[in-house]
Amino acid sequence: MTESMTWGKPELDLSGADWQSGSRGVGEVQIAFVEGFIAMRNRERPDSTSLVFAPDEWRKFTLQARGGRLDPT
């Protein structure tokens with residue numbers, strides 16, 4: 001399965017990706033490192049669209065998440 005990515009990201013074949021759960025195995029998010037990019041998906045819906053981050057975007061995303069700046073409340 002090839003997934004189309006937007007925002008200048010390449011089309012990545014995620015069908016053979018090595019998906020990893022969080023360090024505690026908790027939650028529904030999985031990530032995979034593919035061709036220099038980081039893909040993220042919902043473990044409960046693996047066939048849904050995955051988000052793809054360039055390394056610099058991933059760093060910004062994780063820093064914001066750790067800092068609580070992505071909390072919707």
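The values are calculated or read from the model by the stated rules, or taken from the named source; none is laboratory data. Quick caveat: nothing in here was measured; it's all calculated off a predicted structure. Please note: Cβ atoms are built from the backbone with ideal geometry, for glycine as well, and neighbour counts cover all protein chains shown. Surface areas here come from the heavy atoms of the whole protein model, side chains and all, with no ligands, DNA or RNA. Shrake-Rupley method; radii C 1.70, N 1.55, O 1.52, S 1.80 Å.
Quick check on my filter: what residues within the range 26-54 are closer than 14 Å to residue 10 by Cβ, outside any strand (DSSP E or B) and open to solvent by less than 90 Å² (accessible area, probe 1.4 Å)?
36, 50, 54 - these are the residues of the range 26-54 that are closer than 14 Å to residue 10 by Cβ, outside any strand (DSSP E or B) and open to solvent by less than 90 Å² (accessible area, probe 1.4 Å).
So, residue 57, is that one surrounded by fewer than 14 Cβ atoms within 10 Å (Cβ to Cβ), touching a strand residue (DSSP E or B) at 6+ places or on another chain (Cβ under 9 Å) and modelled with pLDDT of 90 or more or not? Before you say what the answer is, go through the steps one by one.
Numbers: surrounded by fewer than 14 Cβ atoms within 10 Å (Cβ to Cβ): no; touching a strand residue (DSSP E or B) at 6+ places or on another chain (Cβ under 9 Å): yes; modelled with pLDDT of 90 or more: yes.
When the stated conditions are applied, residue 57 does not pass them.
Please enumerate the residues belonging to the range 1-37 that are charged (D, E, K, R) and either out of contact with any Lys or Arg (no Cβ under 6 Å at 6 or more places or on another chain) or modelled with pLDDT under 75 (or both). Spell out how you get there, then give the answer.
Quick first cut of the range 1-37, residues charged (D, E, K, R) only: 3, 9, 11, 13, 18, 24, 28, 35.
3, 9, 11, 13, 18, 24, 35 - these are the residues of the range 1-37 that are charged (D, E, K, R) and either out of contact with any Lys or Arg (no Cβ under 6 Å at 6 or more places or on another chain) or modelled with pLDDT under 75 (or both).
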